[in-house]
Structures are given as structure tokens and as C-alpha cells.
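Participant: I'd like to ask you about the structure that follows.
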Amino acid sequence: MDVLVLGDDLRPIEIFDDFQSLIWTERYSEWGDFELVAPSGLSSTSALQKGTVLGLNESYRVMMVETIEEPGDGTIKFTGRSLEALMDARITRPAVINAGDPNGATTRNATPGNHARYWFETSCRTNSSVPADNFSFIQSGNLFTPGTIPEPTDTIDVQFNVMSVYEAVKPICDTYGLGFVIGRNKTAGNARFQVYTGSDRTTWQTILDPVVFSPDLETLEKVSSIQSSANFRNVAYVFSEKGSRIVYANGADDTTSGFDRRVLYVDATDISLVKGAALDAALDIRGVKALAEYRNLTAFDGEVPQAVPYNYGVNYNLGDYVERRDSRGFASKLLVTEQIFVSDLEGDRSYPTLQAVDLVQPGSWSAWSRTGIWNDAVGTWDSL
């Protein structure tokens with residue numbers, strides 16, 4: 001596996017292969033990271049410095065060297081994150097900063113994906129308020145064709161305060177099953193930002209060849225699993241100073257009761273909107289985000305053999321749904337959340353990280369207002 005040293009146009013200018021080990025991790029809705037260990041010496045320190053950008057032939061993701069460590073054992077360790085980490089060094093609402101109101105908030109109505117695109121575009125690429133914040137090497141357009149899993153199309157009102165672009169984009173993508181990437185366009189010599197979904201590659205669809213991980217097919221081995229509902233919640237009571245909402249997770253509604261009803265309190269007193277449709281929408285989103293943190297736990301661990309007939313970038317990609325079948329024939333849908341590349345003395349290998357799919361989908365929950373009077377003195381509702 002060759003590590004490519006990239007130039008200002010993100011085209012390879014050098015191949016760095018004088019290393020002992022490499023762990024390169026790419027993620028669907030989060031920045032990736034890498035660790036490269038090389039022998040101490042002039043070749044390592046001259047080729048890789050802080051700020052050097054790296055790539056792989058196997059991927060369009062780009063990593064940047066951020067930390068260089070020499071532990072004194074004859075090696076030098078380089079670590080860093082992918083270009084998505086640059087979003088944490090830019091803020092939303094720069095026009096508000098120029099206007100002298102750093103605490104200003106704004107509410108927008110758009111689909112979840114278009115919210116994410118808007119904040120990146122206006123803060124990192126076409127920022128007319130603070131042009132120096134723009135990344136000139138990031139051009140418009142997609143890196144790849146969107147997958148077969150549809151994006152959520154319902155529009156939502158979202159209130160944003162001044163925050164980093166990463167803090168604005170990531171929660172929306174996590175909540176609505178979207179991924180985001182700043183990757184290199186290998187032919188054009190630039191980078192592009194894309195919010196995207198993957199493709200369904202399970203046996204429940206007939207458009208694409210399925211990708212199935214199963215001990216019986218010798219595509220999965222050393223499997224262990226756990227299922228737990230200890231922290232599960234399916235009803236969120238969301239309170240602000242001006243109103244409240246009850247939000248239901250997928251599979252629950254206002255008839256859910258008894259042992260099946262698991263209630264979560266959500267403090268949304270930081271939302272300053274007055275009572276009305278915008279407040280209701282903001283509280284709904286807060287409830288959806290909160291419930292996403294309290295899903296049923298369905299986890300498994302296993303190893304994907306290197307002889308598996310599925311290749312990353314060909315048979316599956318980040319954000320795809322793939323299928324897991326156990327020895328009893330039970331099947332489950334899994335999301336490809338990471339792809340890890342490893343190169344060391346044992347050779348080169350690459351394998352995915354898979355996560356059980358249990359997303360809180362827009363339109364699958366319902367919410368309704370409640371009445372009551374906010375008591376500023378004690379900070380609680382006086383009645384239900």
C-alpha cells in the first residue's frame with residue numbers, strides 16, 4: 001500500500017513507502033484519522049511535515065499531518081485527520097460576527113441535507129462576508145453519483161447559533177442518516193464537498209448485487225453479539241420556556257403505554273423561539289436528536305476475512321446498507337460506517353466497520369403540543 005504525498009492541487013507529487021505501519025480510517029459521517037510509523041531519519045522528516053496532505057490510490061479521501069512524535073525508540077509517528085476536520089476551524093454565521101452580534105441565532109427551513117450543504121457552502125466556499133475563510137481548493141459539484149438510499153425530503157426548521165461548521169453539519173447528518181465528505185477529485189485536481197447517502201446492497205432489493213456477511217458464506221468469522229434495551233427510550237418530552245412537544249421514536253405513538261413506553265426528558269430551554277410553528281419544529285428536531293442517542297442496542301463483533309469477495313469502492317462504499325446473516329438464518333441490515341486500511345509487516349488489508357441500522361427517520365414520529373405555564377423561579381412546568 002503506497003502513501004501518496006499530495007501537492008496544492010491534491011495531485012500526487014511523491015510516493016512515501018518508507019514506513020513500518022499504517023492505520024488509515026475513513027468514516028461516513030465523521031472525520032477520519034490516520035497513524036503512520038516510520039524509521040527516524042532524514043527521508044521521513046523531509047517528506048512528511050505538519051500540514052502535509054496525504055492520499056491513497058484506493059480512496060478519494062485526504063488526510064493531513066497534524067502531529068509528529070519521536071518516542072526515542074528509533075521511530076517517528078505521524079498522526080492527523082481527514083479534511084473534514086477543517087470544518088471545525090470555520091464557523092457559521094460570519095455575517096453576524098461582522099454585524100457585532102456573536103450570539104445571534106438564525107432559523108432556516110430546508111431538508112436536512114440542504115441545511116448541511118448551506119452551512120458549508122456559505123461558510124467555507126462562497127463566504128462573501130469573510131472571503132479569507134473560503135477554501136479555494138474546494139470546488140462545486142459532486143465527487144460521485146448519489147446512492148440508491150433516498151435522502152429525507154421533508155423540510156425542517158432548524159435554529160443555529162454561532163458554532164463551528166462541523167458542529168452544525170454533523171448532528172443533522174447523524175440524526176438523518178446522511179454522510180459528508182471533503183474528497184479529492186483525482187481527474188480535476190481539486191476537492192469537493194458532498195453530503196450523500198449510500199446504496200442498499202441487501203437481499204431486500206433487486207437493483208444492485210447484494211453484499212452479505214455470514215459465517216455460512218465464509219464472509220464473516222469469530223462472531224459475537226449483544227442486544228440490550230437497558231437505555232432504550234421511545235418517547236421524548238421536550239421542554240422550552242415557551243412551549244413543549246412530545247416526540248415519538250419509530251414504532252411508537254400516542255397509544256404506546258405500559259412496559260412499552262420509555263420516556264425521556266429533554267431540556268430545550270436554550271431555544272429562544274416564541275410559541276408557534278418554528279418553535280414546534282425546533283423542539284421536534286431536538287427530540288429526534290435526543291431519541292437517536294437512546295436506541296435499542298444491537299451490536300456484534302466479527303472479523304471479515306481478507307479473502308472475502310467484496311472490495312471497497314467496487315462492491316460497497318461508506319453509507320451503504322449491507323446484510324448480515326447468522327447461522328440460524330436470521331438477517332439484519334447493517335450500515336457501513338468506517339473503512340479501515342492497514343499496512344504493516346503482516347501485509348496490506350482493508351475491512352469495514354458495520355453498525356446495526358435503527359435510525360429515527362423523519363416522518364416516522366409524531367409530536368403534539370402540551371399546555372402549561374413555565375415557572376421561572378423553579379425552572380419546571382407546574383402541570384402536565
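Participant: Going through the stretch 2-27 one residue at a time, which ones are aliphatic (A, V, I, L, M) and farther than 17 Å from LYS186 by Cβ? Step through it out loud before you land on a result.
Facilitator: Quick first cut of the stretch 2-27, residues aliphatic (A, V, I, L, M) only: 3-6, 10, 13, 15, 22-23.
If the condition is that a residue be aliphatic (A, V, I, L, M) and farther than 17 Å from LYS186 by Cβ, then LEU22, ILE23 are the ones that fit.
Participant: ASP260: out of contact with any Phe, Trp or Tyr (no Cβ under 6 Å at 6 or more places or on another chain) and farther than 30 Å from ARG325 by Cα, yes or no? If you could, list the steps in order and put the result at the bottom.
Facilitator: Values: out of contact with any Phe, Trp or Tyr (no Cβ under 6 Å at 6 or more places or on another chain): yes; farther than 30 Å from ARG325 by Cα: no.
Criteria not met by ASP260.
Participant: State all residues of the stretch 178-211 that are part of a strand (DSSP E or B) and in contact with a Lys or Arg (Cβ under 6 Å, 6 or more places away or on another chain); if no residue qualifies, say none.
Facilitator: Just the residues of the stretch 178-211 that are part of a strand (DSSP E or B), to begin with: 179-185, 190-196, 200.
Selection gives GLY183, ASN185, ALA191, VAL195.
Participant: Let me ask another. What number of residues within the stretch 17-31 are in contact (Cβ under 8 Å) with a residue 60 or more places away in the chain, farther than 11 Å from ASP344 by Cβ and not β-branched (Val, Ile, Thr)? Don't jump to the end; show me each part of the working.
Facilitator: Step one: list which residues in the stretch 17-31 are in contact (Cβ under 8 Å) with a residue 60 or more places away in the chain, which gives 19-31.
Filter once more, so that each one left must be farther than 11 Å from ASP344 by Cβ: 24-31.
Checking the rest, the ones that are also not β-branched (Val, Ile, Thr) come to 24, 26-31.
Total meeting the criteria: 7.
Participant: Could you tell me which residue of the stretch 337-354 is farthest from the chain's Cα centre (by Cα), considering only residues that are exposed (fewer than 14 other Cβ atoms within 10 Å of the Cβ) and not in a loop (DSSP other than H, G, I, E, B)?
Facilitator: So in the stretch 337-354, the residues exposed (fewer than 14 other Cβ atoms within 10 Å of the Cβ) come out as 345-348.
If we keep only those that are not in a loop (DSSP other than H, G, I, E, B) as well, we get 347-348.
Working: GLY347: 29, ASP348: 26 Å.
Selected residue: GLY347.
Participant: Which one of the conditions (1) more than 24 Å from LYS333 (Cα to Cα); (2) buried (at least 20 other Cβ atoms within 10 Å of the Cβ) does ASN190 fail to meet, given that it meets all the rest?
Facilitator: Looking at each condition in turn, ASN190 falls short on (2).
Participant: Where residues in the stretch 28-68 are over 17 Å from LYS186 (Cβ atoms), buried (at least 21 other Cβ atoms within 10 Å of the Cβ) and of a type outside the set (Ser, Thr, Tyr), which of them is nearest to the chain's Cα centre (by Cα)?
Facilitator: In this case the residue turns out to be TRP31.
Participant: I'm checking my understanding of the structure. Among residues of the stretch 236-276 that are among the hydrophobic types (A, V, I, L, M, F, W, C) and without any contact (Cβ under 8 Å) to a residue 40 or more places away in the chain, which one is nearest to GLY287 (Cα to Cα)? Quick ask: steps written out before the conclusion?
Facilitator: Going residue by residue through the stretch 236-276, those that are among the hydrophobic types (A, V, I, L, M, F, W, C) are 236, 238-239, 246-247, 249, 252, 259, 263-264, 266, 268, 271, 273-274.
From the residues that got through so far, the ones that are without any contact (Cβ under 8 Å) to a residue 40 or more places away in the chain too are 259, 263-264, 266, 268, 274.
Values: PHE259: 21, VAL263: 11, LEU264: 9, VAL266: 7, ALA268: 9, VAL274: 18 Å.
So, considering only residues that are among the hydrophobic types (A, V, I, L, M, F, W, C) and without any contact (Cβ under 8 Å) to a residue 40 or more places away in the chain, the one nearest to GLY287 (Cα to Cα) is VAL266.
Participant: Follow-up. Residues to consider are ASN311, ASN315; find the one that is free of Cβ contacts under 8 Å to residues at least 12 places away in the same chain and either assigned by TED's automatic domain parsing to the domain that holds PRO150 or at negative phi (or both). So that I can check it myself, show each step before the final result.
Facilitator: Numbers: ASN315 fails: free of Cβ contacts under 8 Å to residues at least 12 places away in the same chain.
Just one listed residue meets the conditions, ASN311.
Participant: Please indicate, with yes or no, whether at least one residue in the stretch 156-163 is closer than 30 Å to VAL322 by Cβ and crowded, with 19+ Cβ neighbours inside 10 Å.
Facilitator: Looking for residues that are closer than 30 Å to VAL322 by Cβ and crowded, with 19+ Cβ neighbours inside 10 Å, one finds at least one in the stretch 156-163, hence yes.
Participant: Follow-up question, since we're still on this one. Out of the residues in the stretch 312-336 that are buried (at least 18 other Cβ atoms within 10 Å of the Cβ) and of a type in the set (Phe, Trp, Tyr), which is farthest from TRP204 (Cα to Cα)?
Facilitator: Filtering first and then ranking leaves TYR312.
Participant: Which one of these does ASN185 not meet: (1) surrounded by 21 or more Cβ atoms within 10 Å (Cβ to Cβ); (2) at pLDDT 90 or above; (3) of a type outside the set (Gly, Ala, Ser)?
Facilitator: All conditions are met except number (1).
The rows are residues; the columns are (1) outside the structural domain of THR269 (by TED's automatic domain parsing); (2) at pLDDT 85 or above; (3) touching a Ser or Thr at 6+ places or on another chain (Cβ under 6 Å); (4) of a type outside the set (A, V, I, L, M).
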site	(1), (2), (3), (4)
VAL211	no, yes, no, no
ASP216	no, no, no, yes
LYS222	no, no, no, yes
ILE226	no, no, no, no
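The values are calculated or read from the model by the stated rules, or taken from the named source; none is laboratory data. Just so it is clear, the structure is predicted and the values come from calculations on it, not from any experiment. As a convention, Cβ positions derive from the backbone with ideal geometry for all residues, glycine included, and neighbour counts pool all protein chains shown.
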